1. When you go through (1) without any contact (Cβ under 8 Å) to a residue 12 or more places away in the chain; (2) within 19 Å of residue 181 (Cα to Cα) one by one for residue 199, which number turns out not to apply?
2. Can you name the residue in segment 209-222 that is hydrophobic (A, V, I, L, M, F, W, C) and surrounded by 17 or more Cβ atoms within 10 Å (Cβ to Cβ) and is also nearest to residue 141 (Cα to Cα) among such residues?
3. State all residues of segment 21-44 that are at pLDDT below 80, surrounded by fewer than 18 Cβ atoms within 10 Å (Cβ to Cβ) and not in a loop (DSSP other than H, G, I, E, B); if no residue qualifies, say none.
4. Please go through segment 163-180 and give me each residue that is in a helix (DSSP H, G or I) and either at pLDDT 80 or above or touching a helix residue (DSSP H, G or I) at 6+ places or on another chain (Cβ under 8 Å) (or both), ordered by number.
5. Provide a single number: the residues in segment 217-258 that are more than 17 Å from residue 169 (Cβ to Cβ) and part of a helix (DSSP H, G or I).
6. Among the residues of segment 233-258, how many are basic (Lys, Arg), loosely packed, with under 13 Cβ neighbours inside 10 Å and under 21 Å from residue 192 (Cα atoms)?
7. Test residue 214 against the stated conditions and say whether it is without any contact (Cβ under 8 Å) to a residue 40 or more places away in the chain, more than 25 Å from residue 84 (Cα to Cα) and assigned to a helix (DSSP H, G or I).
8. If you take the residues in segment 77-91 that are over 21 Å from residue 146 (Cβ atoms) and either surrounded by 14 or more Cβ atoms within 10 Å (Cβ to Cβ) or in the same structural domain as residue 32 (by TED's automatic domain parsing) (or both), which one is modelled with the lowest pLDDT?
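The values are calculated or read from the model by the stated rules, or taken from the named source; none is laboratory data. Bear in mind the structure is a predicted one, so any value in this text is a computation, not a measurement. Counting neighbours? That spans all protein chains shown, and the Cβs are built from the backbone with ideal geometry, glycine included.
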Amino acid sequence: MEPRSDEGSVLRRDGEKDWGVEGMSETGRMRLYNEGLNDLEIGRRLKITRSAIYVWRKKRGLKSNFPCGGQRLNKDKEERRMKLYNEGLNDTEIGKKLRITPATIQAWRKSRKLPTMYVRGSKYPDKERVVLSYLKKYGPSTEKELIANTIITDNDIAKLPRILFDDIECIRFRGRGSKIKAHVLFGDLLYGKIFALRGDPRILDYILERSPLKNLDLNQGMISSVVQRYGRILDKARAQELVRRAREFQRRLGEGVK
């Protein structure tokens, strides 16, 4: 029977340690450690005991990656975890993607005071939760923006207003009457869709930034027409606030205030 060192490695006849495959080498252990795996997880990967990894780590003065302690992640690993979290994945899903335990992700999330993405008994599957998470973080978005930045597809978009009716609103800009007038009022928003969380105050700034309202001559006669047309799409109160913000922008621009 071949003798074993105190670190769990097999000793060759010349007295040198034989780690076998690359994963059993010093470099392999350090790579797994730097990925954020704790002693138990590294041991499972390398098929050796947790205590062997513990001794190896202590001799090198390395801090524990165990959830209760934890080591500060480097920028790349932090960004990978945060990216998956922002996509709406829960602890288990992130763990599967990164091949680490859900407990490790849970501890990382709690240390950053991030709420859980898992809702017990949630009525929404993964894709819908991803949309809600994205709209909460980034605010109102168009169809193209949601498709480009989340996991949903063209086919999913059509189902969102029905599935998430209680949580989001889908704002459609349609031309009624003269198409020229509709284009003057809505600009590039015409015939498009904007998805936003219900009650999200950012929707007015989003529309104002992308509509031609800031460049229109909003005199008293024009105001009533704008409020009426936008009121059909939003509601009268929000349409009036939109016009007020547009006029305020024009006033500040005229005064040379950025």
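1. Just one mismatch for residue 199, condition (2).
2. Applying the first criterion (hydrophobic (A, V, I, L, M, F, W, C)) to segment 209-222 yields 213, 216, 218, 222.
Retained after the next criterion (residues that are surrounded by 17 or more Cβ atoms within 10 Å (Cβ to Cβ)): 213, 216, 218.
Details: 213: 19, 216: 24, 218: 27 Å.
The residue in question is 213.
3. Within segment 21-44, 22, 23 meet the criteria.
4. The first filter runs over segment 163-180 and keeps only residues in a helix (DSSP H, G or I), leaving 163, 179-180.
Hit for segment 163-180 is 163, nothing else.
5. Taking segment 217-258 first, the residues more than 17 Å from residue 169 (Cβ to Cβ) are 217-229, 240, 243-258.
If we keep only those that are part of a helix (DSSP H, G or I) as well, we get 220-229, 240, 243-254.
Of the residues in segment 217-258, 23 are more than 17 Å from residue 169 (Cβ to Cβ) and part of a helix (DSSP H, G or I).
6. Restricting attention to segment 233-258, the residues satisfying the condition of being basic (Lys, Arg) are 236, 238, 244-245, 247, 251-252, 258.
Filter again for loosely packed, with under 13 Cβ neighbours inside 10 Å, leaving 236, 251-252, 258.
Checking the rest, the ones that are also under 21 Å from residue 192 (Cα atoms) come to 236.
Here the count works out to 1.
7. Here the answer is yes, as residue 214 does meet what is asked.
8. Taking segment 77-91 and keeping what is over 21 Å from residue 146 (Cβ atoms), we get 77-81, 91.
From what is left, the residues that are either surrounded by 14 or more Cβ atoms within 10 Å (Cβ to Cβ) or in the same structural domain as residue 32 (by TED's automatic domain parsing) (or both) are 77-78, 80-81, 91.
Working: 77: 85, 78: 88, 80: 90, 81: 90, 91: 82.
Out of the qualifying residues, it is 91.
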